[in-house]
Amino acid sequence: MENTLQRFLFEHSNIRGEIVSLDSSWKSVLARRNYPPSVRKLLGEITAATALLSATIKLDGTLSIQFKGQSALLLLLAETSGKSSFRSTAKWRDNKELAEPNVNLLAQGTLAVTITPKKSGQAYQGLVNVDSDSIQKSLEEYMQQSEQLTTRLWLASNDQKATGILLQKLPMEHRDVSDDWHRITTLASTVTNEELLTLDFETILKRLFHEETIRVFEENPVIFSCSCSENRTEGMLQSLGESEVRAILSEEGNVNITCEFCGKNYIYSSSGIDRIFSNESRESTRKTHGFIN
């Protein structure tokens, strides 16, 4: 049951659900950086939410959820690729806010959901101001405003697991499903963080919806996988410009780029920088970049 995403449907209600559990894959994220507990919690929640949302759309490319903040929490970023892999990272300022239990690190932030097709078409991005103290409330608001899909989320994370449940009301032309939606979301709202973090899918669904008729689909694996590469890193250096990169080379003796997601180092000496900025390299290499490389 580790590192899986599973769809389920309510047979008589036209409501769909997704449930995700990221276990060893989530530990792979945490092993690369020492996140403060408050940052780790929110990063786990946004990572689980990204996996859940990616399962609700037809996706041949990437879906990312990015939070930019005004507090000690500067950035949360989670990205899925093809619904079967993800990566995530965070940035923060070290100050006393991170240790205070009642501080809302999401206050006055902005949440962006970006869908980037793999082969063709332009990226689509929707933005929402964060007015609540939770990732799930902000994403529910985004889904209602930008996608016109009534959605509820329940998210939880610790240093062992990032997990969550999504419910979504599907449009029906000839039936009002408001009563069903109210009943089912009320049942789902009884789930606790401890249950989400300790129980398996079957037990959770049975505990919440034992009076409902549910069709459960096959589990899909979800792994941690970083899409950084030498090509993307060199493209990022080209975008900085030759003069700036050579200034770094002169000062440091080499150019060392560390991926914020997986921690891999890309180190370039003078000969490597010469190659990157040669006419042949410019003409033969075409690259795209994410928010962070």
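The values are calculated or read from the model by the stated rules, or taken from the named source; none is laboratory data. Computed from a predicted structure; not experimentally measured. Glycine also receives a Cβ, built like all others from the backbone with ideal geometry; neighbour counts cover every protein chain displayed.
Brief remarks on what is shown
- Restricting region 55-75 to residues that are free of Cβ contacts under 8 Å to residues at least 40 places away in the same chain and either crowded, with 22+ Cβ neighbours inside 10 Å or of a type in the set (Ser, Thr, Tyr) (or both), the residue that is nearest to Gln125 (Cα to Cα): Leu73
- Residue match in region 183-195 (condition: assigned to a helix (DSSP H, G or I), under 25 Å from Ser84 (Cα atoms) and of a type in the set (Val, Ile, Thr)): no
- Residues of region 241-269 satisfying the condition of being assigned to a loop (DSSP other than H, G, I, E, B) and surrounded by 14 or more Cβ atoms within 10 Å (Cβ to Cβ): Cys259, Glu260, Phe261, Cys262, Lys264
- Screening the candidates Leu149, Leu199, Leu187, Leu153 for the property of being in the same structural domain as Ile19 (by TED's automatic domain parsing), under 30 Å from Ala31 (Cβ atoms) and touching a residue at least 12 places away in the same chain (Cβ under 8 Å) yields one hit, Leu153.
- Here Arg32 meets the list (1) in contact with a Cys (Cβ under 7 Å, 6 or more places away or on another chain); (2) modelled with pLDDT of 90 or more; (3) over 23 Å from Gly126 (Cα atoms) almost entirely, failing just condition (2).
- Just one of (1) over 29 Å from Tyr35 (Cβ atoms); (2) surrounded by fewer than 16 Cβ atoms within 10 Å (Cβ to Cβ); (3) in the same structural domain as Asp180 (by TED's automatic domain parsing) fails for Glu194. It is (1).
- Qualifying residues in region 117-136 (those that are of a type in the set (A, V, I, L, M) and within 16 Å of Leu153 (Cα to Cα)) - the one nearest to the chain's Cα centre (by Cα): Ile135
- Residue count for region 1-55 satisfying the condition of being part of a loop (DSSP other than H, G, I, E, B), under 26 Å from Thr185 (Cα atoms) and out of contact with any helix residue (DSSP H, G or I) (no Cβ under 9 Å at 6 or more places or on another chain): 3.
- Single match in Gln168, Gln238 (criterion: surrounded by 13 or more Cβ atoms within 10 Å (Cβ to Cβ), in the same structural domain as Val20 (by TED's automatic domain parsing) and at negative phi): Gln168
- Some residue of region 208-221 being touching a Cys at 6+ places or on another chain (Cβ under 6 Å) and either closer than 21 Å to Ile57 by Cβ or surrounded by 13 or more Cβ atoms within 10 Å (Cβ to Cβ) (or both): no
- Counted residues, region 222-235 - those being surrounded by fewer than 14 Cβ atoms within 10 Å (Cβ to Cβ) and in a loop (DSSP other than H, G, I, E, B): 0
- Region 196-221, residues that are touching a Ser or Thr at 6+ places or on another chain (Cβ under 6 Å) and part of a loop (DSSP other than H, G, I, E, B): Glu219
- Note on region 86-108: among residues that are surrounded by 19 or more Cβ atoms within 10 Å (Cβ to Cβ), of a type outside the set (Lys, Arg) and not in a loop (DSSP other than H, G, I, E, B), the one that is farthest from the chain's Cα centre (by Cα) is Trp92.
- Candidates are the residues of region 109-162 that are exposed (fewer than 13 other Cβ atoms within 10 Å of the Cβ) and among the polar types (S, T, N, Q); the one that is farthest from Trp181 (Cα to Cα) is Ser120.
- Per the listing Leu127, Leu205, the residue uniquely among the hydrophobic types (A, V, I, L, M, F, W, C) and under 15 Å from Gly17 (Cβ atoms) is Leu205.
- Flag if Lys58 is in a loop (DSSP other than H, G, I, E, B), of a type outside the set (S, T, N, Q) and assigned by TED's automatic domain parsing to the domain that holds Thr163: yes
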